[in-house]
Amino acid sequence: MDIWTKLYEAAKEHYAPVEVTPFVYAHHVVAAFEAEDGQIFTGFCMEATAGVFHLCAERAAAFNMYQQSGQTTIKRMIAFRDRPPYGEGSGMPCGACREFLMQLSRENRNMEIMIDYEKREIVTLKDLMPYWWGEERMASSTEDETKIDEQ
């Protein structure tokens, strides 16, 4: 079983759309990440009509990864609704998720994102955000950490 199948199967376990209350809807988008160390972390979307609470599956998976392991670097990601990503923009993280994943780790720019499961077509996060506004700030932060480590 390849890593993409493992990620798909892990995420699929959480796909079970449910109206929690007349105001809250959950489990209708799911995601799975392969962390830097090879562990798999999952998340599901949860939305509320008030607008103050909306947690995408990708950000939920990133939160779970950090909370459970302290990791911030993601090697691979798959996200979907009722079926695996099939191209045509399916499986793409929203703008808020893209931004958060870029901010979470400088290495996440190399993260592979499944865009067509059947064809095993992927794209990297840096392909989706080629002129990311935070690159200089992230690079200087990484350089500062390297200087501290060398002391």
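The values are calculated or read from the model by the stated rules, or taken from the named source; none is laboratory data. Just so you know, these numbers come straight off a predicted model, no measurement behind them. Ideal geometry is used to build each Cβ from the backbone, glycine not excepted, and the neighbour counts take in all protein chains shown.
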Here is a check on your reading of the model: is residue 60 out of contact with any helix residue (DSSP H, G or I) (no Cβ under 6 Å at 6 or more places or on another chain) and touching a residue at least 12 places away in the same chain (Cβ under 8 Å)? yes
Restrict the check to the range 47-59 and report whether at least one residue is touching a His at 6+ places or on another chain (Cβ under 8 Å), assigned to a strand (DSSP E or B), surrounded by fewer than 22 Cβ atoms within 10 Å (Cβ to Cβ) and modelled with pLDDT of 95 or more. no
Picking from 11, 79, the residue that is at pLDDT 95 or above, under 23 Å from residue 104 (Cα atoms) and not in a helix (DSSP H, G or I) would be 79
In the range 93-120, anything more than 14 Å from residue 62 (Cβ to Cβ) and in contact with a Gly (Cβ under 7 Å, 6 or more places away or on another chain) is listed as 114, 115, 116
Near pairs, Cβ below 9 angstrom, 6+ apart or cross-chain, from the range 68-93 (more than 18 Å from residue 126 (Cβ to Cβ)) to any residue that is part of a loop (DSSP other than H, G, I, E, B) and among the polar types (S, T, N, Q): 68/39; 69/39; 71/39; 71/105; 80/90; 81/90; 83/90; 84/90
Conditions (1) surrounded by 15 or more Cβ atoms within 10 Å (Cβ to Cβ); (2) assigned to a strand (DSSP E or B); (3) not hydroxyl-bearing (Ser, Thr, Tyr): number failed by residue 20: (1)
Unmet requirement for residue 99, which otherwise passes all of (1) of a type outside the set (Gly, Ala, Ser); (2) touching a helix residue (DSSP H, G or I) at 6+ places or on another chain (Cβ under 7 Å); (3) under 23 Å from residue 133 (Cα atoms): (2)
Options 128, 104; residue that is aliphatic (A, V, I, L, M), in contact (Cβ under 8 Å) with a residue 24 or more places away in the chain and farther than 17 Å from residue 32 by Cβ: 128
Scanning the range 94-121 residue by residue, the ones that are surrounded by 18 or more Cβ atoms within 10 Å (Cβ to Cβ), of a type in the set (A, V, I, L, M, F, W, C) and not in a helix (DSSP H, G or I) total 4
Which condition does residue 38 not pass, out of (1) within 17 Å of residue 99 (Cβ to Cβ); (2) not in a strand (DSSP E or B), if it passes all the others? (1)
Can you tell me which residue among 71, 39 is crowded, with 17+ Cβ neighbours inside 10 Å and more than 10 Å from the chain's Cα centre (by Cα)? 71
